[in-house]
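Notes follow the structure.
The values are calculated or read from the model by the stated rules, or taken from the named source; none is laboratory data. It should be emphasised that the depicted structure is a prediction, and the values quoted were computed from it without experimental measurement. Using ideal geometry, Cβ is built from the backbone for each residue, glycine included, and neighbour counts are taken over all protein chains shown. Calculation scope for accessible area: heavy atoms of the full protein, side chains included, ligands and nucleic acids excluded. Shrake-Rupley method; radii C 1.70, N 1.55, O 1.52, S 1.80 Å.
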Amino acid sequence: MSDQTPTSNQTPRSQIDHLLNEDRRFAPPPEFAANAIATEELYAEASADREAFWAEQARALHWHKPFTEVLDWSNPPFAQWFADGELNVAYNCLDRHVEAGNGDRVALLWEGEPGDERRVTYAELTDEVKRLANVLQGLGIGEGDRVAIYMPMIPEAVAAMLAVVRIGAIHSVVFGGFSADSLRARIDDAGAKLVITADGGYRKGKVSPLKPAVDMALSDRNGSGVQETVEHVLVVKRGENEVEWTDGRDIWWHDVVPQASADHAAKAFPAENPLFILYTSGTTGKPKGILHTSGGYLTQSAFTNKIVHDIHPETDVYWCTADIGWITGHTYVTYGPLANGATQVLYEGTPDTPHPGRWWEIVQKYGVTILYTAPTAIRSFMKIGRSVPKQFDLSSLRLLGSVGEPINPEAWMWYRKVIGGKTAPIVDTWWQTETGAIMVSALPGVTETKPGSAQVPLPGISIDVVDEDGTHVGSGNGGLLVVTEPWPSMLRGIWGDPDRFVETYWDKFRAQGYYFAGDGARLDDDGDVWFLGRVDDVMNVSGHRLSTTEIESALVAHEATAEAAVVGASDETTGQAVVAFVIIKQSYLNENSAEGLSNTLRLWVGEQIGPIARPRDVYIVGELPKTRSGKIMRRLLRDVAEGREVGDTTTLADTAVMSVISAQVK
Ligand code: WT7
């Protein structure tokens, strides 16, 4: 692919040229470098013997049975890491710290949105997980069973994940902001036997109900053809909101967990035992259940958390602001930091409740030293202005991280100056739900950083930027990001759909055996990587992946809609925003105003999928631009949505269509 190839979501070439002229460089501060966990030598060690390097990182975990094999890549793309080894992931995150004498160390500094707080030590969290593990087994949950977790950001959510994996079951965490329909689809796809939820949790100053969505997801199954797999719903009381109760099915957490025995021996499971499924949007309407397994995932999660976030467990207070409903919350709230014995902040609510300085108040209150968050959050704080963070003492912060989407140099500089006091290094970390853990990032204390570039692959990770034929592109050129060698925390498949796994990620560069990430990227003259966004029909809204097709399906499911096309348009705060173009059935057009219809459809999508999927704009149009073969040309719609002159329309069946649409949108 040449860098001129039109791709769906990429930054225009002129902007990238401008970006690549970025010449600001920030050397690691000497005091930071002196105590940094990462060292320059890691790169040499890893390239000398990649597998030996990963084996060494894996040995930092506790293995009930040590592995003798490192990587089995005899049946690509189905990798096995440390396959003959046995471990217990929860034991690694909990018991071993207690056994090492660190039971009194705080694991979670929890802050509820209303201002209530709880400090949970490693000993307490271990006990809670053991009790819950006993409860789960009592409910008949065992090895390989799937458990859906639909919870607010409370300590019980982390405990639930760990208890599930402690007994060899598989969790599927569903983000609490997803709708009942989205939850139902995920419960059904995984065939979950148990749902762990809460009555509700606090968001934006009020209780946002969760249990009612579970009830709705589990109702109305008659005639749907789907066999009900859920036997029980375990409910934490948090919001104190009124909930309905199905006797025999529903169980209050507080009625069973505190009473359960805190004796629970962690059994060893093979390294390739499935650990969790996490659904993410792809290019079709059906989310993919990304499957991760145990030993390799935990190895890379713990290792990257240590070297990229520079975790010194005795002294640091770490805060990753992601929700456990996303991969970032799995790897850098639950598994990585707890495997490393870190102390971390867990915050339930939204950044601006009850005041716009809430996050900075938390940093000051707990003396947060490491902050890991998303560009969209940074940009929204920029919009509010520096006067808000300036009211708080942020001097404890010594390292800042970014994840989820490209961070524009302006936001990077603001983050550095206003939040990092002009000294804290920034690590821009590129990875995906599928990669399981960080793949590309600067190493703090080692790498000279550059605003806007994710920079270099981590030691032990091999990536490249290639053209459509899989050939390496030179410096200054753009292409597709590939991972050229298997890595420990790589996805092992898509739940129930091995063919889709092969097709989506491995078919494109089958000849080379490369993993295709779906991201465009460019290499600068130093060989540093600049990520340019997705090359497929996947949008990135506030660092969350949404599929255009999934939202289109939701739109056409509304009775007023005849046809719909969705694009991701660039947005100052959220990176990309959902913009929909909808053709309405004539009978509805006669009876409703266009404005009323747009609003109805916006809310409808929010109800169908979840508020994050709600379109920023819904334009009611008379026609959609299509090729002669009937394919919608989203590229042209994106031009309209972003207020640009519309590009080449010569392949359209009806070339006049775009001027009509442009006129309607204004
Ligand atoms: C997609 C993965 C990784 C956890 C959060 C999102 C984009 C992620 C960066 C970054 C540029 C980034 C990519 C990727 N992305 N981090 N530092 N720079 N782009 O996980 O929902 O699986 O999305 O997010 O496009 O493919 P996800």
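Would you please name the residue that is modelled with the lowest pLDDT, looking only at residues in the range 5-18 that are out of contact with any Lys or Arg (no Cβ under 7 Å at 6 or more places or on another chain) and either open to solvent by less than 40 Å² (accessible area, probe 1.4 Å) or assigned to a loop (DSSP other than H, G, I, E, B) (or both)? Show your work before the answer.
As a first pass, look at the range 5-18 and keep what is out of contact with any Lys or Arg (no Cβ under 7 Å at 6 or more places or on another chain): 5, 7, 10-15, 17-18.
Among the residues that remain, those that are also either open to solvent by less than 40 Å² (accessible area, probe 1.4 Å) or assigned to a loop (DSSP other than H, G, I, E, B) (or both) are: 5, 7, 10-12.
Working: T5: 36, T7: 44, Q10: 56, T11: 57, P12: 56.
It comes out as T5.
Which condition breaks for G168 when tested against (1) under 30 Å from G103 (Cβ atoms); (2) within 19 Å of the chain's Cα centre (by Cα)?
Here G168 clears every test but (2).
Please give the strands (runs of 3 or more DSSP E) falling wholly within the range 407-522 in which 2 or more residues are away from the ligand (no atom under 12 Å from the Cβ) and crowded, with 20+ Cβ neighbours inside 10 Å.
Details: elements: 426-429, 463-466, 478-483.
Fully inside the range 407-522 and qualifying: 463-466, 478-483.
So which residues in the range 605-620 are open to solvent by 60 Å² or more (accessible area, probe 1.4 Å) and in a helix (DSSP H, G or I), if there are any at all?
From the range 605-620, those open to solvent by 60 Å² or more (accessible area, probe 1.4 Å) are 607, 611, 614, 616; that's our starting set.
Within the range 605-620, E607, P611 meet the criteria.
Go over the candidates P425, P451 one by one and state the one that is closer than 17 Å to F531 by Cα and of a type outside the set (D, E, K, R). Full working, then the answer.
Details: P425 fails: closer than 17 Å to F531 by Cα.
The conditions single out P451.
Residues of the range 29-62 being within 28 Å of the chain's Cα centre (by Cα) and open to solvent by less than 40 Å² (accessible area, probe 1.4 Å), which ones?
A36, A38, L42, A46, F53, W54, A55, Q57, A58, L61
Condition check: at pLDDT 95 or above, within 15 Å of the ligand (Cβ to nearest atom) and open to solvent by less than 30 Å² (accessible area, probe 1.4 Å). Does M539 satisfy that? Give the derivation first.
Values: at pLDDT 95 or above: no; within 15 Å of the ligand (Cβ to nearest atom): yes; open to solvent by less than 30 Å² (accessible area, probe 1.4 Å): yes.
Spelling it out, it is not the case that M539 is at pLDDT 95 or above, within 15 Å of the ligand (Cβ to nearest atom) and open to solvent by less than 30 Å² (accessible area, probe 1.4 Å).
Do the conditions hold for D263, that is, is it without any contact (Cβ under 8 Å) to a residue 40 or more places away in the chain and charged (D, E, K, R)? Can you show your working first?
Values: without any contact (Cβ under 8 Å) to a residue 40 or more places away in the chain: no; charged (D, E, K, R): yes.
Judged against the criteria, D263 is not a match.
When the residues of the range 314-360 are narrowed to those that are of a type in the set (A, V, I, L, M) and open to solvent by 10 Å² or more (accessible area, probe 1.4 Å), which ends up farthest from the ligand (Cβ to nearest atom)? Break it down stepwise before answering.
Applying the first criterion (of a type in the set (A, V, I, L, M)) to the range 314-360 yields 317, 322, 324, 327, 333, 338-339, 342, 345-346.
Next cut, open to solvent by 10 Å² or more (accessible area, probe 1.4 Å) only: 317, 322, 327.
On the way: V317: 22, A322: 8, I327: 5 Å.
Restricting to residues being of a type in the set (A, V, I, L, M) and open to solvent by 10 Å² or more (accessible area, probe 1.4 Å), the top hit is V317.
Considering every residue within the range 197-219, establish whether at least one is touching a helix residue (DSSP H, G or I) at 6+ places or on another chain (Cβ under 8 Å) and in a loop (DSSP other than H, G, I, E, B).
The answer is yes; a qualifying residue exists.
Only one of (1) under 24 Å from the mean Cα position of the chain (by Cα); (2) free of Cβ contacts under 8 Å to residues at least 40 places away in the same chain; (3) open to solvent by less than 20 Å² (accessible area, probe 1.4 Å) is not met by V403, so which one is it?
(2)
Hey, can you tell me all the residues within the range 163-176 that are over 18 Å from T433 (Cα atoms) and touching a helix residue (DSSP H, G or I) at 6+ places or on another chain (Cβ under 8 Å)? Can you show your working first?
Residues of the range 163-176 over 18 Å from T433 (Cα atoms): 163-169.
Selection gives A163, V164, V165, R166, I167, A169.
Among the residues of the range 150-171, which ones are touching a residue at least 60 places away in the same chain (Cβ under 8 Å), closer than 18 Å to D189 by Cβ and either in contact with a Gly (Cβ under 7 Å, 6 or more places away or on another chain) or surrounded by fewer than 24 Cβ atoms within 10 Å (Cβ to Cβ) (or both)?
Within the range 150-171, Y150, I170 meet the criteria.
Between residues in the range 187-209 that are open to solvent by 10 Å² or more (accessible area, probe 1.4 Å) and among the β-branched types (V, I, T) and residues that are at pLDDT 95 or above and not in a loop (DSSP other than H, G, I, E, B), which pairs lie under 6 Å by C-beta distance while being six or more apart or on different chains?
Note: pairs meeting the criteria are V207/G200.
Between E563, E595, which is part of a strand (DSSP E or B) and closer than 17 Å to Q664 by Cα? Working first, answer last.
Working: E595 fails: part of a strand (DSSP E or B).
Of E563, E595, the one residue that is part of a strand (DSSP E or B) and closer than 17 Å to Q664 by Cα is E563.
Give just the number: which of (1) away from the ligand (no atom under 16 Å from the Cβ); (2) over 26 Å from F178 (Cβ atoms) does D528 not satisfy?
So D528 meets the others, but not (1).
Checking the conditions here, which among P389, P409 is in contact with a Gly (Cβ under 6 Å, 6 or more places away or on another chain) and over 30 Å from M490 (Cβ atoms)? Talk me through it step by step, then tell me what you get.
Working: P389 fails: in contact with a Gly (Cβ under 6 Å, 6 or more places away or on another chain).
Only one candidate passes the filter, namely P409.
Tell me, please, whether a residue that is open to solvent by 40 Å² or more (accessible area, probe 1.4 Å), farther than 21 Å from V440 by Cα and assigned to a helix (DSSP H, G or I) can be found in the range 255-272.
yes
Which one is farthest from F26 (Cα to Cα) among residues in the range 361-406 that are aromatic (F, W, Y) and either assigned to a helix (DSSP H, G or I) or within 16 Å of the ligand (Cβ to nearest atom) (or both)?
Going residue by residue through the range 361-406, those that are aromatic (F, W, Y) are 366, 372, 381, 392.
Those left that are additionally either assigned to a helix (DSSP H, G or I) or within 16 Å of the ligand (Cβ to nearest atom) (or both): 366, 372, 381.
Working: Y366: 28, Y372: 19, F381: 23 Å.
Filtering first and then ranking leaves Y366.
Closer than 20 Å to P212 by Cα, small (G, A, S), in contact (Cβ under 8 Å) with a residue 24 or more places away in the chain and away from the ligand (no atom under 16 Å from the Cβ): is that true of G239 in this structure?
Numbers: closer than 20 Å to P212 by Cα: yes; small (G, A, S): yes; in contact (Cβ under 8 Å) with a residue 24 or more places away in the chain: yes; away from the ligand (no atom under 16 Å from the Cβ): yes.
Yes: the conditions hold for G239.
Criterion first (outside any loop (DSSP other than H, G, I, E, B) and either of a type in the set (K, R) or open to solvent by 70 Å² or more (accessible area, probe 1.4 Å) (or both)) does Q664 satisfy it?
Values: outside any loop (DSSP other than H, G, I, E, B): yes; either of a type in the set (K, R) or open to solvent by 70 Å² or more (accessible area, probe 1.4 Å) (or both): yes.
Here the answer is yes, as Q664 does meet what is asked.
Which one of these is modelled with pLDDT of 95 or more, part of a helix (DSSP H, G or I), more than 29 Å from V363 (Cα to Cα) and open to solvent by 30 Å² or more (accessible area, probe 1.4 Å): E99, E128, E69?
E99
Filter the range 547-560 down to residues that are at pLDDT 90 or above, crowded, with 22+ Cβ neighbours inside 10 Å and of a type outside the set (D, E, K, R) and give me whichever is farthest from the ligand (Cβ to nearest atom).
Here the residue is L555.
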